[in-house]
Amino acid sequence: MVIKITSTVFDEGGVIPNIYSCNGINISPPLNWNDLPEDTESIALICEDPDAPGGIWTHWIIFNLPADTRNLPEHIMGREELDNGARHGLNDFGSVGYGGPCPPSGTHRYYFKIYALDIKLDLTSLIGRSDFLKGIQGHILDEGQIMGVFTR
């Protein structure tokens, strides 16, 4: 089974609207997904740009979303911990929460990757990509992704 992740503001391979970028107000886009495996304990998400000049650029890390969560509304606040117990990691802009597309030039791809995990991650807020990927290793029950593009 593969998690089907969608957005109401861009299609797979479609353009991410300006409002969700550094050209706009830089808020996180709404995301939705289908059912997860029965034994899911938590959900995690990372957004990455593999086209960044220096290598993969992390735009968002959020983890320990409750297992019954089926969407993220627009504009998730950039706090270390959310009311539902979810935690934010650090993006590569050095801030907590979502940092939207902001390529130096040209068109870049942005992958929003979702993971159904068999554990709640025992990680503190403000972790980076490397610690996030180590934390989920061996605990992924299912995953999915949606990719959008942005040009500057």
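Rule-based calculations on the coordinates, nothing more; no lab input. Note that the structure is a prediction, hence the values are computed from the model and not measured. No Cβ is skipped: glycine too gets one built from the backbone with ideal geometry, and neighbour counts run over all protein chains shown.
If you count the DSSP beta bridges with both ends in the stretch 5-151, what percent of them are antiparallel, to the nearest 5?
95 percent
Dipole of the chain (Lys/Arg Cβ +1, Asp/Glu Cβ -1, origin at the Cα centre): which of Ser130, Asn32, Ser42 lies farthest to the positive side?
Ser130
By how many nm would the segment from Val2 to Asp35 grow when fully extended, if each residue of separation counts as 0.36 nm and the alpha-carbon distance is taken off?
In short, 10.9 nm is gained.
Of (1) 21, 17, 17; (2) 23, 17, 14; (3) 30, 17, 15, which is the value of semi-axes √(5λ) of the Cα gyration tensor in Å derived from the coordinates here?
The listed entry that was calculated here is (2).
Can you put Ser105, Ser42 in order, fewest other beta carbons within 10 Å first?
Placing the least packed residue first, the sequence is Ser105, Ser42.
Which shape class applies to the stretch 107-152: rounded if a/c is under 1.5, otherwise prolate when a/b exceeds b/c and oblate if not, where a ≥ b ≥ c are the square roots of the Cα gyration tensor eigenvalues?
Oblate is the answer for the stretch 107-152, as a/c is 1.5 or above yet b/c matches or exceeds a/b.
Under a Cβ-only charge scheme (Lys and Arg +1, Asp and Glu -1), can you give me the dipole magnitude of the stretch 4-152 about the Cα centre, in debye to the nearest 20?
Once rounded to the nearest 20, the dipole reads 500 debye.
Name the residue, out of Gly100, Gly14, Gly78, whose mean-square fluctuation peaks in a Gaussian network model built on the chain with Cα pairs under 10 Å.
Highest fluctuation of the listed residues: Gly14.
Would you mind checking which residues have amide H under 5 Å from Ile127's amide H? H placed 1.01 Å from N; only 5 or more apart, or other chain.
Long-range HN contacts for Ile127: Leu90.
Residue-wise, which Karplus ³J(HN,Hα) couplings in Hz belong to the stretch 50-60, taking 6.51 cos²θ - 1.76 cosθ + 1.60, θ = phi - 60°, and x for glycine or proline?
Result, rounded to whole Hz: x, 9, 4, x, x, x, 4, 10, 8, 9, 6.
Using a 10 Å cut-off around each Cβ, can you sort Leu72, Leu82 from fewest to most neighbouring Cβ atoms?
Leu82, Leu72
Could you pull out every Cys in the chain that lacks a partner Cys with its beta carbon under 4.7 Å away?
Cys47
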